[in-house]
């Protein structure tokens, strides 16, 4: 079942564009659960230094959007930074 949530248009309008301007790529995932919806944003950067430059310091420090507290059940405490070890897309 898919239902509307006011957070998705807000996130697409306020959170995703700055990433699209600077990151190599951005993905936004959504999972509808029985009583809540989870969103996960993944951005791709050439290196951790580029992320740090974008965030203005520690790339693990989260920068909440102004209305996140209004929409989110729990505010994330940090950004997870992971390195891609295998990157193979399906072949045609």
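In the stretch 26-42, the residue that is nearest to the chain's Cα centre (by Cα) out of those that are without any contact (Cβ under 8 Å) to a residue 12 or more places away in the chain and either farther than 15 Å from residue 6 by Cα or not in a strand (DSSP E or B) (or both) is 33. The residue that is modelled with the lowest pLDDT, among those in the stretch 23-44 that are surrounded by 15 or more Cβ atoms within 10 Å (Cβ to Cβ) and over 17 Å from residue 66 (Cα atoms), is 37. Only a single criterion out of (1) surrounded by 10 or more Cβ atoms within 10 Å (Cβ to Cβ); (2) without any contact (Cβ under 8 Å) to a residue 24 or more places away in the chain is not satisfied by residue 82, namely (1). Could you tell me whether the stretch 12-25 includes any residue that is part of a loop (DSSP other than H, G, I, E, B) and touching a helix residue (DSSP H, G or I) at 6+ places or on another chain (Cβ under 8 Å)? Within the stretch 12-25, one or more residues are part of a loop (DSSP other than H, G, I, E, B) and touching a helix residue (DSSP H, G or I) at 6+ places or on another chain (Cβ under 8 Å).
The set of residues in the stretch 45-65 being loosely packed, with under 10 Cβ neighbours inside 10 Å and touching a residue at least 12 places away in the same chain (Cβ under 8 Å) consists of 46 alone.
Here residue 68 passes the criteria (1) touching a strand residue (DSSP E or B) at 6+ places or on another chain (Cβ under 9 Å); (2) surrounded by 14 or more Cβ atoms within 10 Å (Cβ to Cβ); (3) at pLDDT 95 or above except the one numbered (1). Of all the numbered requirements in (1) within 14 Å of the chain's Cα centre (by Cα); (2) not in a helix (DSSP H, G or I), residue 51 misses one, and that requirement is (2).
Of the residues making up the stretch 1-11, those that are surrounded by 14 or more Cβ atoms within 10 Å (Cβ to Cβ) and not in a loop (DSSP other than H, G, I, E, B) are 7, 8, 10, 11.
The values are calculated or read from the model by the stated rules, or taken from the named source; none is laboratory data. If you're wondering where the values come from, they're calculated on a predicted model, not measured in any experiment. Cβ atoms come from the backbone with ideal geometry, glycine included; neighbour counts cover every protein chain shown.
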